[in-house]
Amino acid sequence: MKTRVECASLTDFKCDLLVVNAFEGAKQLGGAAAAADKALGGLISKLVREGEIDGKLGKVTLIHCQDGLKADKVAVVGLGKREKFDLEAVRTVSSSAVKKAREIKAKVVATINHGAGLGGLKVEEAAKAVVEGSVLGVYKFAGYAKEKEEPDFEVEQLVIVECDRKKVAALQKGAELGRIIAEAENHARDLVNTPSNKMTPTAFAKLAQRIAKINNLKFSSLDPKTEGMEAIWSVARGSDEPPRLVALEYSGNPKSKDKIALVGKGITFDSGGISLKPSKKMYEMKCDMAGAAAVLGVLSLLSDLKPKKNVIGIIPLTENMPSGHAVKPGDVSGSLAGFTIEIINTDAEGRMILADALTYAKKRGATQLIDIATLTGGCIVALGDVATGVIGNNQKLMDKIIAAGNLCGQRMWQLPLYDEYKESLKSTVADIKNTGETGQAQPSTGAAFLDKFVGEVPWVHLDIAGTAFLNKERGYLPEGATGVPVRTLIEWLNS
Ligand code: BES
Ligand code: ZN
Ligand code: ZN
């Protein structure tokens, strides 16, 4: 779907579907809807009076035009309650409209910039949200089916139409930014949805290399076994797929020594290892590299967005499999940091590979660490698929990331890192255990394990176990991979 902005009169714009809007319970239509209503001889306001158009968030009412408008059809989409209206509502609304366009096979869709009029949002931000919601909303994983009932239909063009020439530049800026960010998030979704027999550590590393080359990023690809990354190797040794640790580096401020490391968990399949998971839903564990996909998604954008920051993406990649070579509960592993680790549960493998990756990030000079990981089922118990768990050692940094998440509709909720969680990882045979004995407070004990390897560097851990992968679509989020938290990280890096 191509997106563009055009300076024109909405009522004179020739398209297959024209999208206008209405607030829930509003007595009066906004500018564009009122103009369309006038051209249609009062049909929209009649439907509002009769209650067919009720303005409920994301609800679309389709009107077939006879004359009066150049559009073939009009979609009136509900903005929800005015007091709840925000950029997230714009994304939801835009996604509903473009999904309706796909359903009715509209090739050219013209839309108003939702929320920039009566909604009171800034023109540029609203345009960004319109395009984000639309591009994210039409996402569909292509898959591998050879037999399809009917070929997929794609909306060809989304045009934001604005008659005020003075607003066009801001609209274009917002729309372009929205497109770049949403496409990167969709790309991350594709990587996560790709099955693990195709998205192997080797395949992921090759893709990362290609992305680094296209974007002029410094690239390294290491063999954890020969680099002293024993914690990664202890996870990888049960698998026939060779592990990898890749790093992609963007220098947006070469004079500064500051360096942000984004570290993404890249378990391309998590069977649990010898502490094998139950078979029900085990297939979903192809999503266990969602952190890695998000990091690659963000790094793929930076040479376009050009933030004045130095950013290194670090991605440890391996499968977690049971075999005669696999690590066993009770085994002790070394690590790049030198600490020894008693492995209580081989299914707590994410923290093992992150331990070495965080240590490597520090060796590469990171001054701030953000790790992104589908780390614990316990995070889903606590927050469901609604919010990402946030834990860290630096309140200021956590606040900034939580604020960025809220701005772009990716909710974040802080969980604690009390000393008791660190105590629960004391081992009698090694420097640390990889899980506590009780199975309680998993997100916090997982983070307590990582804390040992982070040390004093300001650090935020994002547990995306619940938010990375959905069982059912919701608004502009599809079933399967969501691409969380690509937008949050971009928002934060761009601020
Ligand atoms: N990859 C899982 C966590 C997960 C669960 C992600 C569900 C997405 C959906 C992780 O490696 C894991 O297995 N964690 C264990 C930790 C436990 C052994 C302390 C868990 O959640 O049970
Ligand atoms: Zn696991
Ligand atoms: Zn895992």
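The values are calculated or read from the model by the stated rules, or taken from the named source; none is laboratory data. Computed from a prediction, not measured in an experiment: that's the story for all the values here. For neighbour counting, all protein chains shown are included, and Cβ atoms are generated from backbone atoms with ideal geometry for every residue, glycine included. Side chains included, ligands, DNA and RNA excluded: accessible areas come from the protein's heavy atoms. Shrake-Rupley method; radii C 1.70, N 1.55, O 1.52, S 1.80 Å.
Between the helical axis of 442-454 and the longest alpha-carbon principal axis of the chain there is an angle of about 60 degrees.
By how many degrees, 0 to 90 and rounded to 10, does the Cα axis of helix 350-363 deviate from the longest principal axis of the chain? Taking Cα atoms only, the helix is inclined about 90 degrees. Checking every one of the trypsin sites (Lys or Arg not before Pro) in the range 338-372 against DSSP loop status and a limit of 16 other Cβ atoms within 10 Å picks out Arg364.
Look at where the Cα atoms of the range 91-145 and of the range 277-342 average out, and the two centres are 33 Å apart.
Just the projected area, averaged over all directions, of the convex hull on the alpha carbon atoms of the range 243-379: how many nm²? Spelled out: convex hull of the Cα atoms, projected over all directions, averaged, 8.9 nm². A protection proxy built from the mean count of other Cβ atoms within 10 Å ranks the segments 124-134, 434-444, most packed first, as 124-134, 434-444.
What does the charge count near Leu358 come to, summing +1 for each Lys or Arg and -1 for each Asp or Glu among other residues with Cβ under 14 Å from its Cβ? It would help to have the intermediate numbers written out before the result.
Numbers: positive: Lys259, Lys265, Arg351, Lys362, Lys363, Arg364, Lys452; negative: Asp356, Asp371, Asp451, Glu456.
Local net charge: +3.
Computed about its Cα centre, the charge dipole of the range 348-495 is approximately 320 debye, with only Lys, Arg, Asp and Glu carrying charge at their Cβ.
Once you order the gyration tensor axes a ≥ b ≥ c over the Cα atoms, which shape class does the range 164-309 get: rounded for a/c under 1.5, otherwise prolate or oblate by comparing a/b with b/c?
Working: a/c = 2.93, a/b = 1.62, b/c = 1.80.
Cα axes put the range 164-309 in the oblate bin.
Evaluated at q = 0.11, 0.12, 0.13 Å⁻¹, a Debye calculation over the C-alpha positions of the chain (equal weights, vacuum) places log10 I(q)/I(0) at -0.88, -1.00, -1.12. For Gly273, what charge total do you get from the other residues with a beta carbon under 10 Å from its beta carbon, if Lys and Arg give +1 and Asp and Glu give -1? Net local charge, Gly273 excluded: -1.
Classify the range 1-151 as rounded, prolate or oblate, taking a ≥ b ≥ c as the square roots of the eigenvalues of its Cα gyration tensor: rounded when a/c is under 1.5, otherwise prolate if a/b is larger than b/c and oblate if not. Prolate, since a/c reaches 1.5 and a/b exceeds b/c.
If I fit a long axis through the Cα atoms of helix 395-407 and take the longest principal axis of the Cα atoms of the chain, what angle between them do I get, 0 to 90°, rounded to 10? That helix lies at roughly 30 degrees to the long axis.
What dipole magnitude, in Debye to the nearest 20, does the range 365-440 give about its Cα centre under +1 on Lys/Arg Cβ and -1 on Asp/Glu Cβ?
Dipole of the range 365-440, to the nearest 20 debye: 200 debye.
Would you be so kind as to identify which of Leu79, Leu47, Ile63 lies farthest towards the positive end of the dipole of the range 1-87, taking Lys and Arg as +1 and Asp and Glu as -1 on Cβ and the Cα centre as origin? Farthest along the dipole direction, towards plus: Leu79.
Rolling a 1.4 angstrom probe over the protein heavy atoms with all chains in place gives the chain an accessible area of 43 Å² per residue.
Extension gain, Gln28 to Lys198: 0.36 nm times the residue separation minus the Cα-Cα distance gives 55.8 nm.
Report the Cα centroid-to-centroid distance between the range 20-51 and the range 173-247 in angstrom, as an integer. Cα centres, the range 20-51 to the range 173-247: 49 Å. Shown for the range 174-256: lysine pairs separated by 8 or more places, or found on different chains, whose C-alpha atoms are under 21 Å apart, numbering 4.
Which percent of the accessible heavy-atom area of the chain goes to carbon and sulfur, probe 1.4 angstrom?
The computed percentage sits at 50.
Secondary structure note: in the chain, about 40% of the DSSP beta bridges are antiparallel.
Between Val381 and Gln172, full extension at 0.36 nm per residue minus the direct alpha carbon distance yields a gain of 71.1 nm.
For a quick protection proxy, order the peptides 290-303, 379-392 by their average other-Cβ count within 10 Å, most packed first.
290-303, 379-392
Ile104 sits among other residues whose Cβ lies under 12 Å from its own Cβ, and their net charge, with Lys and Arg +1 and Asp and Glu -1, is +3.
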